[in-house]
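As structure tokens, the structure follows; a few thoughts come after it.
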Amino acid sequence: MTENHNTMLELDQYRKRYLYALKAAHVCVFEVDLKRQLYTFFENAEDIFGVPGDRILEDVRAFSKLPPDEYKKEVSEYFSHPDDWEVVDRAFRDIFAGRTATYQARMKAGKSGYIWCKVDVVPVLENGVPAKMVGVITDIDKLKLEMDKLEKRASVDAFTGLYSKKYAEDLMARILKEYEKEKHAMLIIDLDDFKHLNDTYGHSTGDDVLKVVARQLKHSVRSGDIVGRLGGDEFGVFIRDIHKAAEIREIAERLLQITDHPLKVTKSIGISIYPRDGRTFRTLYERADQALYQAKRKKNTYVLYSRAD
């Protein structure tokens, strides 16, 4: 009796230490019987989702009687944000293939609010076949939001509010790779006589002009197009999915309109077309820059790249 009593005390102490550890790490642990489609264990869920583990187990127990596809749908709706279902589904495929899985997704428990979580799951094999899975859910909501803020800061030019040079260039390069069958245009825009403006009216006036131009450029293109500040008084505009040459000319004409500023600053624009003038960001940039050189000779105009230039 004493030996059993001591064993029970030790188990109770072990469980308390285990719970303290979960709370300190802000994680919860779960187990799923894959054969029965049944969640069998959920510890410290309340610390993550504000919902006790036993309530979660009760909520999802009814799903176990559903056909596999319906079960997966109900469980996904109960725990995951719809935009993350593909990520979760990929993790399940890994588990059923006998592989561990790690992913990040917005999660909830029933009607609780979504939070960003990191999920690490490992399959438990019986005779080489996944019979269970055991997972750890870590609350990374604050970390994720902080990282998103830092990423946003890095992606935006603080002065104009447009995309930063590096982010704009990376975005353009990615679109060229992912939408290689579409036709795109790259425009490099430079303000005419901006150095003279700065020297004559001062840098404060020059800064005001840059901000006004940035707003104009952003409002002159479609929402899916890219506008970035490439440095100084140079801007880049990337027009996606063009169907006819007239579209490029119409947009260029809008971008050339006199800036809404008392000094009436004009612009010069060089344009290159994908895939006609190149298939990489660097080639398109260089050829748009060559066209810009021709445009700046005349000022207040746009020039499309030509191999004859």
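Would you mention how many residues in region 261-294 are open to solvent by 20 Å² or more (accessible area, probe 1.4 Å) and either among the aliphatic types (A, V, I, L, M) or not in a loop (DSSP other than H, G, I, E, B) (or both)?
Initially, region 261-294 is screened for residues open to solvent by 20 Å² or more (accessible area, probe 1.4 Å), giving 261-264, 266, 275-276, 279-283, 285-287, 289-290, 293-294.
Retained after the next criterion (residues that are either among the aliphatic types (A, V, I, L, M) or not in a loop (DSSP other than H, G, I, E, B) (or both)): 263, 281-283, 285-287, 289-290, 293-294.
The qualifying residues number 11.
Of the residues screened, residue 169 is not one that is open to solvent by 100 Å² or more (accessible area, probe 1.4 Å), closer than 24 Å to residue 283 by Cβ and touching a residue at least 60 places away in the same chain (Cβ under 8 Å).
Exactly one residue among 125, 191 is closer than 30 Å to residue 289 by Cβ and either touching a Gly at 6+ places or on another chain (Cβ under 8 Å) or touching a residue at least 40 places away in the same chain (Cβ under 8 Å) (or both), and that residue is 191.
Within 25 Å of residue 142 (Cβ to Cβ) and not small (Gly, Ala, Ser): is that true of residue 108 in this structure?
Working: within 25 Å of residue 142 (Cβ to Cβ): yes; not small (Gly, Ala, Ser): yes.
Taking the combined requirement at face value, the residue satisfies it.
Does region 90-107 include one or more residues that are touching a His at 6+ places or on another chain (Cβ under 7 Å) and either of a type in the set (Gly, Ala, Ser) or open to solvent by 40 Å² or more (accessible area, probe 1.4 Å) (or both)? Looking for residues that are touching a His at 6+ places or on another chain (Cβ under 7 Å) and either of a type in the set (Gly, Ala, Ser) or open to solvent by 40 Å² or more (accessible area, probe 1.4 Å) (or both), one finds at least one in region 90-107, hence yes. Residues that are within 17 Å of residue 296 (Cα to Cα) and open to solvent by 90 Å² or more (accessible area, probe 1.4 Å) within region 176-204 comprise 195, 196, listed in sequence order. Residues in region 73-120 that are in a helix (DSSP H, G or I) and either hydroxyl-bearing (Ser, Thr, Tyr) or at positive phi (or both): 76, 78. Checking each residue in region 40-52 for being of a type outside the set (D, E, K, R), part of a strand (DSSP E or B) and open to solvent by 20 Å² or more (accessible area, probe 1.4 Å) picks out 40, 41.
The values are calculated or read from the model by the stated rules, or taken from the named source; none is laboratory data. Keep in mind that this is a model prediction, so the values were computed, not measured. With ideal geometry, Cβ positions are generated from the backbone for all residues, glycine too; neighbour counts draw on all protein chains shown. What goes into the accessible areas is simple: the full protein's heavy atoms, side chains included, and nothing from ligands, DNA or RNA. Shrake-Rupley method; radii C 1.70, N 1.55, O 1.52, S 1.80 Å.
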